Every structure is written in C-alpha cells, then in structure tokens.
Amino acid sequence: MEAEKSAASMEVDVHAFTTSGHSQQPPEFRIVLIGGRELNGDPSNKSEAGNIILGKSVFDTSRRTAHSVARQQEVHGRQVTVVDTPGWWWHYPQENTPKLDQIEIRNSVHLCPPGPHVFLLVIPIELTFPKIFKPSLEEHLQLFPGGVFDHTIVLFTADAPCNYKNVQHVISLWPALQWVLKQCGNRKHVLNISDRQDSTQVITLFKKIEVMMAENAGSHFSVDRVEGNALKEELEEMAERATTRFAEVETKRRKLRALIEGGKPPPTHLKMVMVGAQWSGKSSAGNTMLRKDAFAVLYSRTTEHCEISHGMVADRQLTVVDSPGWFYNSTLQDLSEMDKLEIENSMHLCPPGPHAVLLVVGLASAFNASYQKAVHEHMSLFTDEVWKHTIVVFTRGDWLGVKTVEERIESEKGLQWLVEKCGNMYHVLDNTDRSDERQVTELLKKIEEMWAGNRDPHYKVDLGHAEQIEARKEAVDKMARGIRRITQRQTRILRELFRGEMQPITYKRFVLLGRKESGKSMAGNRILFKELFGTAWMKKEFQDQRRRTMCVKHETNVAGVNISVVEAPGWFTDSMTPDWLKSEVQRSIFMCAPGPHAFFLVVPTSKAFTENDYKAVVELLMPFSERVWRHCMVLFTWGDWLKERSIEEHIAAEGKALKQLVEMCGYRYHVLNCNRFSDGFQVVELFEKVFDTITRNKDHYFSAEDQLGKKQKLMLSWQEEWNRREQELIDRMLKAVAQEPEEEAVPSLKMAASMDGAFIPTMSGGVPSEVGSTFWSDRARARVSEWLSIRVGHSDVTSGVGSLSATASYVEKLDESHLTDEDYQPMTRFFPEKGKMKLDTVLDGSVSRDTVETRRRHSF
C-alpha cells in the first residue's frame, strides 16, 4: 500500500513540475545505463533501452556490451547523451566480475563530462529478484563514488504493454526489489521495448528525470576528473601490453610452424584431455571441437565420470576426453576422493598419453586469487610436466565483445600467471557459434605447434599408477556393495521387529549440524518447504565467513504435524572447533525443547569429508554421551552431484572418516538433491526414515537432561529400563549383522540427473536458492502433506519401519522379492506420475533416482 501511494505521488509530482512555473527545460540530459544479467543468458535490455531513448539503433544489441560507450542525439528538443555499460552477474558479488568489466563500469561516468544527471538501473520486468541480488547491486554500485541512489531511476523493461497494477504486483513479490526502489526514492519507469514508435514513454521518462533533477537542486552526479584520467591511462596501457603479447605469441607460432613445415609432420590422430572447473564450458568445448553433441550439457553437473569421444575434424582424427570439474574456487582439499580418481584417470584414457591437455577457463567470471589457487592445486594431481603440454582454452568468447582476449589477460594478474605457465599457449572458443569452423581449425593448429615444440610427443603417464587407480575403483565398488548389504539386512530386521508399532506424530524437532557450506540451510528449507534459512551460496559469496554466528530456528506445520528445525553454525575444516561453536550446539538442544527427535549430520557429496570433519562432529556431540548417536542420521546434500553414482560408492570412496560416521549413526543416512524443483519424494523418504528412527527410540527425544549427564539408571522406571535393555540388544544384533560376510541379493541402483534445467550454479559450490516459481515447493509440500495425513490417520495399522504406504499389509508385500501390479497400485496414490511407468521398468536396473524402487538403495 505504501509503495502504491509513493508511486502515485510521484506521478502527481511530475504533473505539478511540468505545469508550474518551472517551464524551462534542462538544455541536456546525461544518462548512464547500468544493470546486471541472469545466468540463463537472457539479455539485460540495457542497449535496447538506450536505442529507444535516443530514437536510433546506435548501440549493438547483437552481442554483449564489453566496454562503456557513449552516444549523443537530439531528442525532443534536448541534447541527450547515453552511456551503455557492461553488465554484471546479478547472482554474484563484485569479486567475481572480471576486472576489465569493473574498469569499464567505473569509466562510464567519465564519458559524459562533467558527470551524469541520472543512472537508469535497467531491470526486465519478468526478472526474478531474490534477496541475493541486493548485496550484488550494493557491491557493484561501490565501483562509483557515493550517492548513486540519489541520482537513480529504476527502469523496468517489458516486451509488451505493462500497466500500473502489473508493475505493483511484480514489486510486491520481491522484498529485495522493494528495498532498491526505496533507496531510489521510489523513482521508476516502465519502457515497452517492443514498441519503439511510442514516443510518449520516452517523454514521460524525461519528465521524471526533470523531477529528480529538481529534487537534487539541478546538480549532476559528481565525478573526479583525476580518477577519470587515471582510468583512461590504465586502459591505454592495458591495450599496449595486449598488443605486445599478441605480437610475441605470433612470433612464437611462426617458429613452431616452421618446425612442422621443415620436416616434423604432426600426428594425424590427436589425443586431448579437457580439465577445468565446473560450469567452465568443458563439455560444450568438446562438442564444439568434435562438431557434434558428444558430451551432455545441462545446467546441472554433467560429468561425474570421465567420458571419451572420437571424431574426424579438419582431416584429423580426434580423441577427446572430458573429466569431472571442480568447484570454481574450491581447494583440492575439498575435492571428493572419487572425483580425484576420475580426474587423475583422465590422462590414462588415451594411452600412451594425451598430446594436449586443454585447461578450460570461462571468460564470463573473474580469474581471481581463489580461482587461481584452485587451478594450481587441481593441476598438481598431475606431474609438473603437464604444463608443457597444456593449452588454456578460454570459453565464452562471446563475453569479450569488441575486446581482445589479450586485453582480458592483461587486466588480471592471475590470467597472466596462467598463460605464462603454459608458455603463452591459449585459444578462445565461442561455444554459442558452432558454425564457425575456423575457431576449431585454429585450435588444432595451435595443438600441433605445441606438439612440435615439445621434446616429448605426449604427456607421459605412469601405467603402474593407472593400475592402482583401477584397483582402487574395484575396492570401492566392493565396499559399496558391503555397505548396501548391511543397510538392506538391518532394514529388514528392524521392519520385522517393530511390525505394528507406531508412535503418535504431532510435533517433531530436528537439529542440523555440519561444516560450513554443507547445505544445512538448503536441507532445512527443503524440510520446511519454505525459503527460511539463508543458503550457503548467500553466506559464501556475500558474507564474512569467519565471523561468529548463532543457531537459527524455523517452524512450520504440514498436515497437522508441527515441524521445528534448528540450524547450528558450521565449522571450518582447516581450523580447530572454537568453544563458542560448542556452546551454540548445546544451545540448539534447548532451542527445540524439550529436545530434538533427530540430529541431521549434514555432509555434502560434492566435497571431501575429512578426518577433521569427523573429529569435529564427534567433539561437538561428545558432551551428550553415547546415547545421542541413537538419534543421529547422516544427511547427504548435493545428491545431484552423484548423478549415476550410488551414495554407497561415495561413502566407500571417501574413506575411513565418512564410513566411521555412517557406522556411528547405525547406517542411517539419506540423500537430498539441491534442486528445489522436486515433487517431494525425497522428503517423504526422509520423513519415513526419521519416523522409523523415532519408532525404534519409543518416541524418546534427546532430552536436555541427557546432555547434562544425569545418571539415567536412577531415574528410569522398570519400563524405561526394559526399553534401554531392548535398545542395547538391538544395537548388538545390528552390529552382528554388519559383520556377516554374505553378498547382497539386490543389485545397486544409480542416481540419475534430476535437475531438469532448473539449476542455477554458484561460483563457490554453495547451494542456490530462490530461483524460479514457488509452484514446485507448493507441489512438494502437498505431496508430503498427503503422505503425513495418511500416516497419521492410519497410525494404528501402519507398520513402522521402512513403509511407503499407509498399511502394514502393503509393507509386507513390498518386502517380498517381487512386486505385483496389485502391490504397485498404492504407490500411485502418493506419486501418480510414477504410475505411468511399467512395473518391469521399476524392477530393472535402469530406473531413475525418482522412482519408488530407489528407496532400496538407501539405508534405514
């Protein structure tokens, strides 16, 4: 309501200004266009807005604006100067914006001296505007001197006529957008970019600029001329260095080409391995080189195993190996053991070794210190000789615009280090233009030239090391089968032991415990079906990670069940567990008084689980006695990262620390994808396992009295003492089951990708949030609500452990070795779209992660 009043009053002010005594118009307008762009590649419409304002197509809309450019035109009796600027990524902080873009943005205000009258913050009306956009905007506006908001109007662009009511509705959806408008004094305007003939919308915009100028006493945005001269000199020096580098590279290439022409013909079969960070465009680069869709390309992770493909290109036989990527700025210590094995193994897939290693680096983000460190550490998986055979392949060549790659290199110290490490061997690919065969042919020529200049024809690999990697993989697979066998047996035993038992479900309380960037907040949001916890992406990219934080609690009600979740602060794997963190973990129990029913020990599958992580968990839970482990479950996040790899394979590959944690939790674990666009099936599975644990614990939550260490035997009644002994007997029995050497009877199932193109990547590996419509969250909530309603309503007949349905009879049928069509029907009540699948599809090993039979792959 307040926003509507402010908007209305602004229109009144416009009318009053243009009809009052202030009839003299300003002789000129100086306008700077600023704004960001989305990760999905949609245009920001800045350049198009500039063309409409000036009434001519003076800004190039066919490619990205890579440098600030000023254009002038007389419009409606005024001399108007418009400056278009490079856009930043709305989702990322300033440090991830290329240094060259930052310089160009800063320089924009000096292209319309003595300074701009107005900044037009261009935002497409259909753009989602989550809260992470707020710190991104704040940081990028720091590129200018203070006071930008006092001279800013929000310019909404639309592809169709958009009335006042529609604009207010969009604003009401996004608190962060409301904050932006408040900073701008609620100054806004809507520009229909599909109707360039409508001059009234530009005239109205000019009137609003006049009003703002009157509020600022006619003053323009103040700029420092000295700074402007310094920026101009910096850009000129950068261009000179770029020219020098290009000349040196061309000189070297001519010498290497002379070796080839002088009698050293290159191999007709070129073998190459691609390595690089996740979302750097590796798979797309492979497809561009091979001129076919050889490697899958999605918004999600696409390569979890090394993949190899072949093709005939430019009269050359090519073999290209794609390898798993690492997170943009994560250290080697954070890389999971299975990913390390796969990356190392990539070099062994084209024996006796690759002719070239293509280190893929995207140009759309800054090659900052953390990125440089990540590249350096991950390349250490190979010997130092690898650099002699490495070419830097820059992807997102379209991001350069009119700039050269040499200018980009000269703008960042990290890139200078990288290309010099590779002997100035680099190339640019534009994966958006696969029709340009010349860019691929040129790359192949550079590979041949590098080959000619090397003493060794290829990067030598250690065949003995290859055998060790293969042996390690076989050992992991064997251990994974053992873990799966244990969980299957324990589930069957517990199902039989607690047949017919069900505890009342009215109020359930959970504590999330895990390291920094583990996905605790994401898991909490998935459980509560609301974006209540701030995600790791937000924390990692925009906040001081070393500052002290506190427990956070949120609650919701689903189908009459009150669910309370407390997130405890995370720890750093490279430091000791501080005392304040121990105090916060103890406080988390009091925050869900009288005590939590379950502790979720959150572990991301995308990162390594180290011995330090294990020690931290044990240390934090130590004050609560051994009884606390009966209430613990390992909750794996980033399940999407696994793709076709089973969670048991991940546990086995990570080694002793993670396997110990799973054992301490009685082999209770579950996997959650980071994708919010799910149907709730994974949360249903999680609730099943949690309620089964509660049933086993006789609905006993972990109480504050437990953690204070009072002597339980003196307080227990004979019934409680009996329950205690029963639990001890069950524990001993399950441990005995875990030691049985028999082989599993049911084959493992793999996890299929389930991102559906809806995933928005984070540069750091944190969990994304607030992307897209709430429809999916509502749908998932309804799915879980239905399940809870049926389970609560039939608690007198529900089996308890491991049930997917509401009846004990169905659990008995599901436990049989074969499912019949009649047995399968109850599943469709909870998951109707699953009913479209044939029963034989459910039973074979090709079924995806989202099918009901996948539940057999996870432990109780």
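Residues are listed down the side, and each one gets a yes or a no for (1) open to solvent by 30 Å² or more (accessible area, probe 1.4 Å); (2) part of a strand (DSSP E or B); (3) modelled with pLDDT under 95:
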{"residue": "Leu443", "(1), (2), (3)": "no, no, no"}
{"residue": "Lys460", "(1), (2), (3)": "yes, no, yes"}
{"residue": "Arg472", "(1), (2), (3)": "yes, no, yes"}
{"residue": "Ile483", "(1), (2), (3)": "no, no, yes"}
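Given the residues Met379, Met450, Met425, which is the only one that is modelled with pLDDT of 95 or more and either open to solvent by 30 Å² or more (accessible area, probe 1.4 Å) or within 24 Å of the chain's Cα centre (by Cα) (or both)?
Numbers: Met450 fails: either open to solvent by 30 Å² or more (accessible area, probe 1.4 Å) or within 24 Å of the chain's Cα centre (by Cα) (or both); Met425 fails: either open to solvent by 30 Å² or more (accessible area, probe 1.4 Å) or within 24 Å of the chain's Cα centre (by Cα) (or both).
None of the other options fit; the residue is Met379.
If a residue has to be of a type in the set (A, V, I, L, M, F, W, C) and assigned to a strand (DSSP E or B) to count, how many in region 79-107 make the cut? Even if it seems obvious, please write down each step before you answer.
If we filter region 79-107 for residues that are of a type in the set (A, V, I, L, M, F, W, C), which is where we start, we get 80, 82-83, 88-90, 100, 103, 105.
Pick out the ones that are also assigned to a strand (DSSP E or B) and you get 80, 82-83, 88-89.
The qualifying residues number 5.
Taking the criterion of being under 26 Å from Gly353 (Cβ atoms), under 24 Å from the mean Cα position of the chain (by Cα) and touching a residue at least 12 places away in the same chain (Cβ under 8 Å), would at least one residue in region 395-413 satisfy it? Spell out how you get there, then give the answer.
We begin by selecting, within region 395-413, every residue under 26 Å from Gly353 (Cβ atoms); these are 395.
When the remaining residues are screened for being under 24 Å from the mean Cα position of the chain (by Cα), the result is 395.
Checking which are touching a residue at least 12 places away in the same chain (Cβ under 8 Å) leaves us with 395.
Yes, some residue in region 395-413 is under 26 Å from Gly353 (Cβ atoms), under 24 Å from the mean Cα position of the chain (by Cα) and touching a residue at least 12 places away in the same chain (Cβ under 8 Å).
From the residues in region 263-303 that are in contact with a strand residue (DSSP E or B) (Cβ under 7 Å, 6 or more places away or on another chain) and among the charged types (D, E, K, R), which one is nearest to Asp433 (Cα to Cα)?
Arg291
Working carefully through the options Val393, Val361, Val440, find the one that is under 21 Å from Gly286 (Cα atoms) and touching a Phe, Trp or Tyr at 6+ places or on another chain (Cβ under 6 Å).
Working: Val393 fails: touching a Phe, Trp or Tyr at 6+ places or on another chain (Cβ under 6 Å); Val440 fails: touching a Phe, Trp or Tyr at 6+ places or on another chain (Cβ under 6 Å).
The conditions single out Val361.
Can you pull out the residues in region 615-640 that are of a type in the set (A, V, I, L, M) and under 18 Å from Ser583 (Cα atoms)? Let's see the steps before the verdict.
Step one: list which residues in region 615-640 are of a type in the set (A, V, I, L, M), which gives 616-618, 620-622, 628, 633-635.
Answer for region 615-640, where residues must be of a type in the set (A, V, I, L, M) and under 18 Å from Ser583 (Cα atoms): Ala616, Val617, Val618, Leu620, Leu621, Met622, Val628.
For region 108-220, which helices (runs of 4 or more DSSP H) that fit wholly inside it have 3 or more residues that are open to solvent by 50 Å² or more (accessible area, probe 1.4 Å)?
Details: elements: 133-141, 164-173, 175-183, 200-215.
Fully inside region 108-220 and qualifying: 164-173, 175-183, 200-215.
If a residue must be in contact with a Gly (Cβ under 9 Å, 6 or more places away or on another chain), farther than 15 Å from Thr432 by Cβ and polar (S, T, N, Q), how many such residues does region 360-406 contain?
Number satisfying all stated conditions: 3.
Scan region 327-350 and give yes if some residue there is touching a His at 6+ places or on another chain (Cβ under 7 Å), open to solvent by 20 Å² or more (accessible area, probe 1.4 Å) and not in a helix (DSSP H, G or I), otherwise no.
For region 327-350, residues touching a His at 6+ places or on another chain (Cβ under 7 Å), open to solvent by 20 Å² or more (accessible area, probe 1.4 Å) and not in a helix (DSSP H, G or I): absent.
Among the residues of region 251-269, is there at least one that is out of contact with any helix residue (DSSP H, G or I) (no Cβ under 8 Å at 6 or more places or on another chain), part of a strand (DSSP E or B), farther than 20 Å from Leu429 by Cα and modelled with pLDDT of 95 or more?
yes
Do you know which residues across region 49-82 are polar (S, T, N, Q) and farther than 21 Å from Ala239 by Cβ?
Our first condition is that a residue be polar (S, T, N, Q); within region 49-82, this holds for 51, 57, 61-62, 65, 68, 72-73, 79, 81.
Of everything in region 49-82, those that are polar (S, T, N, Q) and farther than 21 Å from Ala239 by Cβ turn out to be Asn51, Ser57, Thr61, Ser62, Gln72, Gln73, Gln79, Thr81.
Got a number for residues in region 297-326 being among the acidic types (Asp, Glu) and part of a strand (DSSP E or B)?
Step one: list which residues in region 297-326 are among the acidic types (Asp, Glu), which gives 304, 307, 315, 322.
From what's left, part of a strand (DSSP E or B): 307, 322.
Number satisfying all stated conditions: 2.
Of all helices (runs of 4 or more DSSP H) completely enclosed by region 650-734, which ones contain at least 2 residues that are modelled with pLDDT of 80 or more? Before you say what the answer is, go through the steps one by one.
On the way: elements: 656-664, 681-696, 704-707, 712-715.
Qualifying helices (runs of 4 or more DSSP H): 656-664, 681-696.
Is it the case that region 42-49 has a residue that's under 18 Å from Glu139 (Cβ atoms) and surrounded by 16 or more Cβ atoms within 10 Å (Cβ to Cβ)? Working first, answer last.
Going residue by residue through region 42-49, those that are under 18 Å from Glu139 (Cβ atoms) are 44.
Subsequent filtering for residues that are surrounded by 16 or more Cβ atoms within 10 Å (Cβ to Cβ) retains 44.
The answer is yes, given that some residue of region 42-49 is under 18 Å from Glu139 (Cβ atoms) and surrounded by 16 or more Cβ atoms within 10 Å (Cβ to Cβ).
Identify, please: which residue in region 567-613 is touching a residue at least 40 places away in the same chain (Cβ under 8 Å) and among the charged types (D, E, K, R) and is, among those, surrounded by the most Cβ atoms within 10 Å (Cβ to Cβ)? Explain how you work it out, then say what you get.
Step one: filter region 567-613 for residues touching a residue at least 40 places away in the same chain (Cβ under 8 Å), giving 567-568, 570-574, 577, 582, 585-586, 588-611, 613.
Now narrow it down to the ones that are among the charged types (D, E, K, R): 567, 574, 582, 607, 611, 613.
Working: Glu567: 28, Asp574: 9, Lys582: 15, Lys607: 26, Glu611: 13, Asp613: 22.
Among those residues, the one meeting the criterion is Glu567.
Considering only region 631-667, state which residues are among the charged types (D, E, K, R) and open to solvent by less than 10 Å² (accessible area, probe 1.4 Å).
Within region 631-667, the subset among the charged types (D, E, K, R) is 640, 643-645, 648-649, 654, 656, 659, 663.
Answer for region 631-667, where residues must be among the charged types (D, E, K, R) and open to solvent by less than 10 Å² (accessible area, probe 1.4 Å): Arg645, Glu648.
Can you go through Arg499, Arg492 and tell me which one is at pLDDT below 85 and either assigned to a loop (DSSP other than H, G, I, E, B) or closer than 30 Å to Glu555 by Cβ (or both)? Even if it seems obvious, please write down each step before you answer.
Details: Arg492 fails: either assigned to a loop (DSSP other than H, G, I, E, B) or closer than 30 Å to Glu555 by Cβ (or both).
Within the list Arg499, Arg492, the selection yields Arg499.
Quick one: would you say Ser57 is of a type outside the set (D, E, K, R), open to solvent by 70 Å² or more (accessible area, probe 1.4 Å), modelled with pLDDT of 90 or more and outside any strand (DSSP E or B)?
On the way: of a type outside the set (D, E, K, R): yes; open to solvent by 70 Å² or more (accessible area, probe 1.4 Å): yes; modelled with pLDDT of 90 or more: yes; outside any strand (DSSP E or B): yes.
The answer is yes for Ser57.
Look at Val211 and say whether it is among the aliphatic types (A, V, I, L, M) and in contact (Cβ under 8 Å) with a residue 60 or more places away in the chain.
Working: among the aliphatic types (A, V, I, L, M): yes; in contact (Cβ under 8 Å) with a residue 60 or more places away in the chain: yes.
Here the answer is yes, as Val211 does meet what is asked.
For region 63-80, give me each residue that is touching a Leu at 6+ places or on another chain (Cβ under 7 Å), within 14 Å of Leu33 (Cα to Cα) and open to solvent by less than 30 Å² (accessible area, probe 1.4 Å).
Kept after step one, since they are touching a Leu at 6+ places or on another chain (Cβ under 7 Å), are these residues of region 63-80: 66, 68, 70-71, 73, 75, 80.
Imposing the further condition that a residue be within 14 Å of Leu33 (Cα to Cα) reduces the set to 66, 68, 70-71, 80.
Correct list: Ala66, Ser68, Val80.
Looking at Ala242, Ala294, Ala230, Ala285 in this structure, which one is under 39 Å from the mean Cα position of the chain (by Cα) and outside any helix (DSSP H, G or I)? Working first, answer last.
Details: Ala242 fails: outside any helix (DSSP H, G or I); Ala230 fails: outside any helix (DSSP H, G or I); Ala285 fails: outside any helix (DSSP H, G or I).
Selected residue: Ala294, the only one of Ala242, Ala294, Ala230, Ala285 that is under 39 Å from the mean Cα position of the chain (by Cα) and outside any helix (DSSP H, G or I).
The values are calculated or read from the model by the stated rules, or taken from the named source; none is laboratory data. Quick caveat: nothing in here was measured; it's all calculated off a predicted structure. Heads up, the Cβs are rebuilt from the backbone with ideal geometry, glycines too, and the neighbour counts pull from every protein chain shown. With ligands, DNA and RNA removed, areas are computed over all heavy atoms of the protein, side chains included. Shrake-Rupley method; radii C 1.70, N 1.55, O 1.52, S 1.80 Å.
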